[in-house]
1. Ratio of Rg to Rh for the range 124-168, alpha carbon only, Kirkwood?
2. At a Cα cut-off below 18 Å, give the aspartates and glutamates reachable from LYS108, other chains included and same-chain residues fewer than 8 away excluded.
3. If Lys and Arg each add +1 and Asp and Glu each add -1, what is the summed charge of the other residues whose beta carbon sits under 12 Å from the beta carbon of LEU192?
Amino acid sequence: MNTILFMLKRMSLTTWIVVVGMMIFTAMSVKINIERNRRIEAEQTARILQITALNAEVLLMTTVKLTGAKIDELSDSVDVYRRRIVQERQTNLRLDAKLGQLAVANYKLTLRIDSLIQRIEAIVTDSGDSLHATFAIDQPPYRGTADVALPKVINTESRGRLELQISQDIMPITVHVSCGEELLNGVRPAFLDIGVPTYASVNLDSLTQAIEVCSPAPPDLKRGRGFFGSVWNVVKIAAVGTAGFLIGRGVSK
């Protein structure tokens, strides 16, 4: 205590001005930090509420098939289905852990292909003891032939024969994830669009992805605390600065 009083008596007017200035600076910095942190906390709360509200809307929505002139311009053989995506923290699957990966999205969907229903005519030929016809099947994605042979004589032992050779086209699928317009504090709605051939239909059962994909936090919110990082850091900087000045001035002489 005596040492502190001795140091205070030895300080010149300039030193006093510097010390008082550092004290004022510290007080103002602390005040700015507190106000800034309060603002950031309010914005973070508003951001969480906005994401929660968006997710509540998404849970009430279902898969929709997009229609209109703009969609028709893409292709007359492709249908586009859309659903909003829930934005939430992702849980790593066992596969992610084994591969050392971080899960950012999880999309579950059901794909259905139309049944093969065709009414086909073919020329019937006489092969002696049976009648024969070959039917050409051409209904995307199914292609092939059906060979039919029926005996001329019908009795209890008569048997017909059908030989099918059906192949299935490769089905192109296009998946597109997009982010809508910003609503608040970097929050954007997320969409998944999937394009499939018209002979198929899609139900997007469950779509979730990490918030950071479409709604990353703005830089200010990411930094969180900060005029100098935290109130404590400001106090430390001011204290170190003042001590350094006093030592430099030779107060302890």
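1. Values: Rg = 12.8 Å, Rh = 11.6 Å.
Result for the range 124-168 is an Rg/Rh of 1.11.
2. Result set, ordered by chain and number: GLU88, ASP96, ASP193, ASP205.
3. Values: positive: ARG82, ARG83, ARG84, LYS108; negative: ASP193, ASP205.
That works out to +2.
Read-outs: derived from the displayed coordinates by stated rules, not from any lab. The structure displayed is predicted, hence computed values, not measured ones. Positions of Cβ are generated from backbone atoms using ideal geometry, with glycine treated the same way; all protein chains shown enter the neighbour counts.
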